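The values are calculated or read from the model by the stated rules, or taken from the named source; none is laboratory data. For clarity, every value in this text was computed on a predicted model and none was experimentally measured. Note that each Cβ is placed from the backbone with ideal geometry, even for glycine, and that neighbours are counted across all protein chains shown.
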Amino acid sequence: MKFILLLPLVFIFVSCSSTKHQHQDQKRQVASVNEEKSSEINREVTTVCTFKNEKRTIHHVLYESKGCTVDYTKLGETSRVAIAKNTISYCDSTVTRIRGRLEKSGFNCSDS
């Protein structure tokens, strides 16, 4: 009887631990992509969007290997919102979507 009660608890601990490891693996993958790509940047585009005294930036990096990354800065905090290893269309559509939403909200955006 005790075995039957303990089995669900063991399952919960194992699944929680697995989720933690998955998150750590994702961070490692992003870090390894950054290291690989740092020497092969083909083009960088920074889009700056402003509204009153608020500023947001979208930083789009294209690599020679056809990969890309997109970082978004809001209220001084930057997060990676897109990453692709073999195509740039995913990053392009992410930039277009974010810029469109900002402009709909009244922001004025320009590339630099």
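Assuming Tyr90 fulfils every condition listed in (1) hydroxyl-bearing (Ser, Thr, Tyr); (2) in contact with a Cys (Cβ under 8 Å, 6 or more places away or on another chain); (3) exposed (fewer than 13 other Cβ atoms within 10 Å of the Cβ) apart from one, which condition is it?
With (1) hydroxyl-bearing (Ser, Thr, Tyr); (2) in contact with a Cys (Cβ under 8 Å, 6 or more places away or on another chain); (3) exposed (fewer than 13 other Cβ atoms within 10 Å of the Cβ) applied to Tyr90, the lone miss is (3).
State whether the residues of region 84-96 include one that is out of contact with any helix residue (DSSP H, G or I) (no Cβ under 9 Å at 6 or more places or on another chain), modelled with pLDDT of 95 or more and of a type in the set (A, V, I, L, M, F, W, C).
So far as region 84-96 goes, yes, one or more of its residues are out of contact with any helix residue (DSSP H, G or I) (no Cβ under 9 Å at 6 or more places or on another chain), modelled with pLDDT of 95 or more and of a type in the set (A, V, I, L, M, F, W, C).
When you go through Ser65, Ser110, Ser93, Ser79 one by one, which is the residue that is in the same structural domain as Thr46 (by TED's automatic domain parsing) and in a loop (DSSP other than H, G, I, E, B)?
Ser65
Residues are listed down the side, and each one gets a yes or a no for (1) surrounded by 14 or more Cβ atoms within 10 Å (Cβ to Cβ); (2) hydrophobic (A, V, I, L, M, F, W, C):
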{"position": "Glu64", "(1), (2)": "no, no"}
{"position": "Cys68", "(1), (2)": "yes, yes"}
{"position": "Ala82", "(1), (2)": "yes, yes"}
{"position": "Thr94", "(1), (2)": "yes, no"}
{"position": "Gly100", "(1), (2)": "no, no"}
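Is it the case that Ile58 is modelled with pLDDT of 95 or more, part of a strand (DSSP E or B), surrounded by 18 or more Cβ atoms within 10 Å (Cβ to Cβ) and not charged (D, E, K, R)?
Spelling it out, Ile58 is indeed modelled with pLDDT of 95 or more, part of a strand (DSSP E or B), surrounded by 18 or more Cβ atoms within 10 Å (Cβ to Cβ) and not charged (D, E, K, R).
Just checking, which of Arg80, Arg101 is touching a helix residue (DSSP H, G or I) at 6+ places or on another chain (Cβ under 7 Å) and at pLDDT 95 or above?
Arg80
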